[in-house]
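Let me begin by presenting the structure, written as structure tokens, before commenting on it.
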Amino acid sequence: MDIPFNQFKADLKTDKTLLGLWLGLGETFSAEICAGTGFDWLLIDGEHGPNDLRSILAQLQAIEPYVSQAIVRPPQGDHVLIKQLLETGVQTLLIPMVETAEQASGLVQAMRYPPSGIRGVGAALARASRWGRIQDYNASANDQMCLLLQVETRRGYDNLDEILAVEGIDGIFFGAADLAASYGLLGQSNHPSIVDAIANGLKRTRAAGKAGGVLCSEKHIVEKYSDAGARFIAIGVDGLLLAAATTELLNSFRPGGCDKSISNY
């Protein structure tokens, strides 16, 4: 049995714009429904969504038969948690709140087996190696790991060039909401100055040979980010889509029957 090929990692090296969806509901049914849509990638959110190791594993299993590639965002860049997530079989992680090159380097190490890294060796017990059926897993795993780092603070943005210089990083994701808050613009993720800063960051990321990403549902801003070099863009969030659709449905039968305001992201 061969190790699964990380198509998302491969596609990041092309000129494709990979469109994705955020999964924050923590449910296998909704994850599979979204997987059937045909998004290039789906992000299972363990930072703000009600997810733990077992619910993440269940959603990975639900998504796997479909073309959508799974990404997992843990609540933090903890080396032990990263090890556990990799053992579930996920090959692409998005680590939040990365602010320094030193932090980035440590995360690269956590994704790889020695001598290239510090990942604990024990995949024979895990789904990642299909319980030992992928006989060359230890030798081939490093090549299929994809590490995305989330830059979403003023400090992280100021250190962007140093972070980009760290070998082993596949992409940088710009967190618009937290970045805006870090600059005193809480709740204004689409503020012109934040949009311009992210576009600039995307250009610098592309120039450094890395893939840039962002979450945005505003089509004209998505186009600007794409023009700036973004290669993976989330264009929606499962919970917000459900909230918007159910609000619209009720209001179509009972005008004013539900609050029409849905938060921007």
Exercise for review: Return the residue satisfying two criteria in turn: it lies in the stretch 1-35 and is touching a strand residue (DSSP E or B) at 6+ places or on another chain (Cβ under 9 Å) and among the hydroxyl-bearing types (Ser, Thr, Tyr), and of such residues it is surrounded by the fewest Cβ atoms within 10 Å (Cβ to Cβ).
Suggested key: Thr14
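Do any helices (runs of 4 or more DSSP H) entirely within the stretch 179-265 hold 3 or more residues that are in contact with a Cys (Cβ under 6 Å, 6 or more places away or on another chain) and charged (D, E, K, R), and if so, which? Working first, answer last.
On the way: elements: 192-207, 219-227, 238-253.
Of the helices (runs of 4 or more DSSP H) lying wholly inside the stretch 179-265, none has at least 3 residues that are in contact with a Cys (Cβ under 6 Å, 6 or more places away or on another chain) and charged (D, E, K, R).
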Point to revise | Among the residues listed as Gly117, Gly122, Gly168, the single one being of a type outside the set (Asp, Glu), over 30 Å from Pro192 (Cβ atoms) and modelled with pLDDT under 95 | key: Gly122
Check your understanding: Being under 21 Å from the mean Cα position of the chain (by Cα), under 21 Å from Val80 (Cα atoms) and loosely packed, with under 14 Cβ neighbours inside 10 Å, is that true of even one residue in the stretch 110-122?
Key -> no
Point to revise | Test set (1) surrounded by fewer than 24 Cβ atoms within 10 Å (Cβ to Cβ); (2) on the phi < 0 side of the Ramachandran plot; (3) not polar (S, T, N, Q) - Gly38 fails condition number | key: (2)
Check your understanding: Could we say that Leu57 is closer than 20 Å to Met145 by Cα, surrounded by 20 or more Cβ atoms within 10 Å (Cβ to Cβ) and in contact (Cβ under 8 Å) with a residue 12 or more places away in the chain here?
Key -> yes
Revision key, fill the gap. Per the filter on the stretch 123-138, residues surrounded by fewer than 15 Cβ atoms within 10 Å (Cβ to Cβ) and either at positive phi or touching a Cys at 6+ places or on another chain (Cβ under 8 Å) (or both) are Trp131, Gly132
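So in the stretch 139-165, with the set limited to residues that are in contact (Cβ under 8 Å) with a residue 60 or more places away in the chain and closer than 14 Å to Gly209 by Cβ, which one is surrounded by the most Cβ atoms within 10 Å (Cβ to Cβ)?
Kept after step one, since they are in contact (Cβ under 8 Å) with a residue 60 or more places away in the chain, are these residues of the stretch 139-165: 140-141, 144-146, 148, 150, 159, 162-163, 165.
Now restrict to residues that are closer than 14 Å to Gly209 by Cβ: 163, 165.
Values: Ile163: 24, Ala165: 12.
Per the stated criteria, the residue is Ile163.
The values are calculated or read from the model by the stated rules, or taken from the named source; none is laboratory data. Treat the numbers as computed from the prediction; the structure is a model and nothing was measured. Here the Cβ is made from the backbone with ideal geometry for all residues, glycine too, and neighbour counts use every protein chain on show.
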